[in-house]
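Let me begin by presenting the structure, written as structure tokens, before commenting on it.
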Amino acid sequence: MAGRIEDYALIGDLETAALVGRNGSVDWWCVPRFDSPACFASLLGDGGHGHWKLAPVGNRACSRRGYRGDTLVLDTVWESLTGTVRVTDFMPPRQGGPRIVRVVEGIAGRVDMRGELTVRFDHGSVVPWTHALDARTVASVAGPDATRLHCGPGAGEPVVTADRTTFAFPVTAGQRVTFALGWHPSHTPAPPAPDAPAALDRTLAFWNDWAAGLRYEGPAREAVIRSLVVLKALTYEPTGGVIAAATASLPECIGGRRNWDYRFCWLRDSTFTLSCLLRSGYRREALAWHDWLVRTVAGDPADLQPLYGVAGQRRLPETYADWLPGYENSRPVRFGNAAVGQFQLDIYGEVLNTLYSAVRAGVAIDGQVWSLMAALLEYVDKHWREPDEGIWEVRGPRRQFVHSKVMAWVAADRALRLARVAGLRTSVRRWQALRAELRDEVCRFGWSEERQSFAQYYGSRRVDATALLIPRLGFLPAHDPRVLGTVRAMAGLEDRGFLRRYDEVSNGEVHEIDGLAGAEGAFLACTFWYADALAATGRPAEARTVFERVLDVRNDVGLLAEEWDPAEGRQLGNMPQALSHVALVDTAFVLDGTRRRARTPARRTAVA
């Protein structure tokens with residue numbers, strides 16, 4: 001049985017990632033890249049759907065664990081009456097195929113270890129032919145996929161059966177035993193066994209060198225660098241695309257149907273991601289994300305999608321994996337994401353805002369990019385009055401979502417600013433008129449007199465956490481009474497200090513907005529946005545309290561999923577979630593700026 005969502009730590013090689021539980025079991029691994037089928041899928045089922053456990057005999061959870069410094073190398077320690085052992089898990093930056101390396105090291109006394117490896121290709125559905133090649137090597141193959149397990153000296157001889165491989169061995173103080181599991185296409189030769197100590201040194205050096213580039217010295221620096229390491233780990237190095245999370249179908253409601261595949265790149269996250277990387281000092285990664293975006297959205301603006309694959313692929317059909325029971329019986333298990341076919345007006349604003357942010361950071365604007373931006377805005381001009389599914393990708397009816405209209409305003413505003421930067425005047429007057437019309441309409445139809453707040457959609461009295469972004473986007477200043485009223489109204493979304501995305505109002509058993517049954521947890525990114533808005537509207541102490549409250553629910557290795565269940569005290573949704581960590585970094589910078597301004601004495605004006 002899988003552990004709690006917060007029981008998992010992440011390891012990765014910048015092309016794929018794996019989740020390791022507190023019990024020493026690798027329960028999730030997609031190969032050869034993030035959006036490939038999993039060969040370990042027990043996270044969404046049981047051990048028979050693929051896993052690799054390595055732990056002391058009889059021990060379930062570790063005594064302690066943590067990443068080694070500012071790296072993605074995980075150390076897990078078990079202490080027992082007979083001794084202490086440490087298992088170090090990591091994935092070396094890609095040289096050839098993907099592989100997981102596990103190093104067992106005796107710290108004190110003697111500990112009897114046991115390992116169990118079950119490989120199941122195609123999300124746990126395909127049982128491979130597994131056989132021992134020699135006393136230290138085990139191969140598994142089925143169709144296009146193959147794995148090769150290399151066991152180092154001291155590991156004993158693996159016992160291979162039809163459905164699994166087991167091994168048992170003692171480890172004493174000072175002894176090291178290594179294992180490496182690699183994937184390769186079945187029609188190609190398997191890569192040789194790695195030099196585990198050299199691979200560990202190389203992996204540590206890579207992450208330490210990368211982390212040293214952080215440009216932040218404010219409060220919660222440890223949380224900031226860990227979040228940035230997570231963001232780097234969720235970046236597909238060959239293309240620069242950043243996935244939303246490493247997992248699929250982890251539920252937003254235990255036992256419910258809100259189970260989505262997040263192993264793709266969302267345009268809605270583009271501005272947040274670019275800004276986070278630039279302000280933190282990671283310009284190379286920011287520009288790689290920008291370049292991914294420009295390549296991906298090129299073409300007819302009518303074909304713009306809310307999400308894409310890591311290589312920019314467009315077809316991501318949503319399918320059900322009926323053979324998997326789901327995480328804690330949360331069904332259906334989905335792979336692919338049907339939101340790819342939705343109309344989301346907000347993404348046009350996200351793309352133009354991202355391009356504008358890149359230009360401000362010194363990226364040159366060429367004729368092709370300008371033509372792309374102009375085409376996107378022309379499309380917005382023709383279609384902004386249409387209802388859409390909105391940023392939250394609702395599966396209920398389309399509506400006139402206020403955030404979507406605000407982002408259409410952002411598209412017009414950023415295009416105008418870019419025109420000034422580039423010295424271009426084409427269609428400027430029409431864009432100015434569009435921007436003014438959008439602002440007027442949002443302020444007229446998106447405002448709820450009853451709630452004294454911007455609403456979720458036209459004519460509604462319900463509030464939505466996306467309205468917290470209005471001052472950040474420049475639609476209205478933070479001191480505007482309508483912004484202040486909106487921030488006050490967010491108290492209606494609070495649940496034990498955390499913020500939900502929107503009002504949970506159900507019509508019978510189905511949520512009236514998103515068309516799905518069941519509730520969900522508090523959304524962590526929205527809670528960070530709340531802290532940002534509190535700081536911007538002159539409530540910095542409250543903002544810090546909210547920020548620290550979210551820091552407190554990170555797991556023991558500093559990771560955040562998408563949501564938090566305040567009643568049950570557990571994380572929900574896919575793990576780790578890029579947007580949660582991006583929002584953490586952004587809020588840290590906001591609060592550090594507020595703190596610095598508060599400490600800077602006001603300048604006195606000389607009187608003649």
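The values are calculated or read from the model by the stated rules, or taken from the named source; none is laboratory data. None of the values given here were measured: they were computed from a predicted structure. Virtual Cβ from ideal backbone geometry, glycine too; neighbours counted across all protein chains shown.
ARG544 meets each of the listed conditions (1) touching a Pro at 6+ places or on another chain (Cβ under 9 Å); (2) closer than 20 Å to LEU234 by Cβ apart from (2). I'd like the full set of residues that are part of a loop (DSSP other than H, G, I, E, B) and either of a type in the set (A, V, I, L, M, F, W, C) or modelled with pLDDT of 95 or more (or both), limited to segment 137-157. Within segment 137-157, GLY143, PRO144, GLY152, PRO153, GLY154, ALA155 meet the criteria. The residue that is surrounded by the most Cβ atoms within 10 Å (Cβ to Cβ), among those in segment 271-305 that are part of a helix (DSSP H, G or I) and more than 20 Å from the chain's Cα centre (by Cα), is VAL297.
Scanning segment 341-355 for residues that are surrounded by fewer than 23 Cβ atoms within 10 Å (Cβ to Cβ) and either hydroxyl-bearing (Ser, Thr, Tyr) or without any contact (Cβ under 8 Å) to a residue 40 or more places away in the chain (or both) turns up just one, GLY341.
Do we have any residue at all in segment 450-461 that's surrounded by fewer than 21 Cβ atoms within 10 Å (Cβ to Cβ), hydroxyl-bearing (Ser, Thr, Tyr), farther than 19 Å from LEU345 by Cβ and in the same structural domain as ARG257 (by TED's automatic domain parsing)? Checking segment 450-461: not a single residue is surrounded by fewer than 21 Cβ atoms within 10 Å (Cβ to Cβ), hydroxyl-bearing (Ser, Thr, Tyr), farther than 19 Å from LEU345 by Cβ and in the same structural domain as ARG257 (by TED's automatic domain parsing). Given the options VAL546, VAL553, name the one that is assigned to a helix (DSSP H, G or I) and under 19 Å from HIS581 (Cβ atoms). Only one candidate qualifies: VAL546. The condition of being at negative phi and either outside the structural domain of GLU548 (by TED's automatic domain parsing) or over 17 Å from the mean Cα position of the chain (by Cα) (or both) does not hold for GLY241. Of all the listed residues (ARG429, ARG420), the sole one being part of a helix (DSSP H, G or I), modelled with pLDDT under 95 and closer than 20 Å to GLU350 by Cα is ARG420.
Checking each residue in segment 361-403 for being free of Cβ contacts under 8 Å to residues at least 60 places away in the same chain, small (Gly, Ala, Ser) and within 18 Å of SER427 (Cβ to Cβ) picks out GLY367, SER371, ALA374.
Restricting the first member to segment 547-559 and to residues that are under 15 Å from CYS526 (Cα atoms), and the second to residues that are in a loop (DSSP other than H, G, I, E, B) and of a type in the set (Gly, Ala, Ser), the beta-carbon pairs closer than 6 Å and six or more apart or on different chains are ARG549/GLY497. When the test is whether a residue is within 30 Å of ASP261 (Cβ to Cβ), exposed (fewer than 14 other Cβ atoms within 10 Å of the Cβ) and assigned by TED's automatic domain parsing to the domain that holds GLU504, GLU386 passes it. For the condition touching a residue at least 60 places away in the same chain (Cβ under 8 Å), buried (at least 23 other Cβ atoms within 10 Å of the Cβ) and in the same structural domain as GLY255 (by TED's automatic domain parsing), what is the one hit in PRO576, PRO566? Residue meeting the stated conditions: PRO576. In segment 80-109, the residues that are not assigned by TED's automatic domain parsing to the domain that holds ALA205 form no Cβ pair under 7 Å with any partner that is of a type in the set (Gly, Ala, Ser) and crowded, with 21+ Cβ neighbours inside 10 Å, whether six or more places apart or across chains. Considering segment 110-130, the residues that are touching a residue at least 60 places away in the same chain (Cβ under 8 Å) and in a loop (DSSP other than H, G, I, E, B) include one that is farthest from PHE169 (Cα to Cα), namely SER125.
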